[in-house]
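Below you'll find the structure, written out as structure tokens, and then a few comments.
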Amino acid sequence: MRILENPDNLRLMNQAELALHADQSKKDLYAQKEELFFAMDEKAHEADLTEKGREHLSPSDPDAFMLPDLITAFHEIDNGPEQDAHKRLEMKNALQKDHEQKAQRIHCIAQLLKPTACI
């Protein structure tokens, strides 16, 4: 955010935002938003990937940033055709590991994108 410390850059950014918000149909605003890879909420100090950003980071796995529903998956494993308790436990462990890896990835990306306060 150091780029905004320059008054000229801040003025240009404000002019661009005003121009986008002046459009009553919001076509330009939505078109600009579709081009973003992530969005920041400076007031809440949060940032998140957009759909385009998720697709860019993981084009081969569309569910890379979706946490699996463990309760439903565990229920399906318990009530599924597999009779061997050891294999059911292995399946549950694999799901748990997948959940942990995805949660870690989501957390790391959120931390990397998180806006920092300028001092």
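Observations on the model:
- Taking trypsin sites (Lys or Arg not before Pro) across segment 10-101, the ones in a DSSP loop with at most 13 further Cβ atoms lying within 10 angstrom of their Cβ are LYS26, LYS43.
- The amide H of ALA47, built 1.01 Å from its N in the peptide plane, has ASP41 as neighbours under 5 Å, considering only residues 5 or more places off or on other chains.
- Electrostatic bookkeeping for GLU90 treats Lys and Arg as +1 and Asp and Glu as -1; over the other residues with beta carbon under 11 Å from its beta carbon, the sum is +2.
- Helices of the chain meeting both criteria, an alpha-carbon length of 24 angstrom or more along the long axis and an average Kyte-Doolittle score not below -1.0, with helices taken as full DSSP H segments, are 85-113.
- Low-density loop cleavage sites - GluC sites (Glu not before Pro) in segment 1-99, where at most 11 other Cβ are within 10 Å (DSSP): GLU35, GLU42
- Shown is the FRET efficiency for ARG2 and LYS27, computed with R0 = 25 Å from the Cβ-Cβ distance and rounded to the nearest 0.05: 0.20.
- For PHE38, the residues whose amide H sits under 5 Å from its own are THR50, ignoring neighbours fewer than 5 places away on the same chain, with H placed 1.01 Å from N.
- Zone of LYS92's modelled label, taken as backbone nitrogen in segment 56-74 under 18 Å from a point 7 Å along Cα→Cβ: 68-74
- Pairwise centroid distance, computed over Cα atoms, of segment 71-94 with segment 24-55, Å: 39 Å
- Heavy-atom accessible surface of segment 39-118: percent carbon and sulfur, 1.4 Å: 55 percent
The values are calculated or read from the model by the stated rules, or taken from the named source; none is laboratory data. The model shown is predicted, which means the values in this text are computed figures rather than measured ones. All Cβ positions, even for glycine, are placed from backbone atoms using ideal geometry, and neighbour counts span all protein chains on display. Heavy atoms of the whole protein, side chains included, go into the accessibility calculation; ligands, DNA and RNA do not. Shrake-Rupley method; radii C 1.70, N 1.55, O 1.52, S 1.80 Å.
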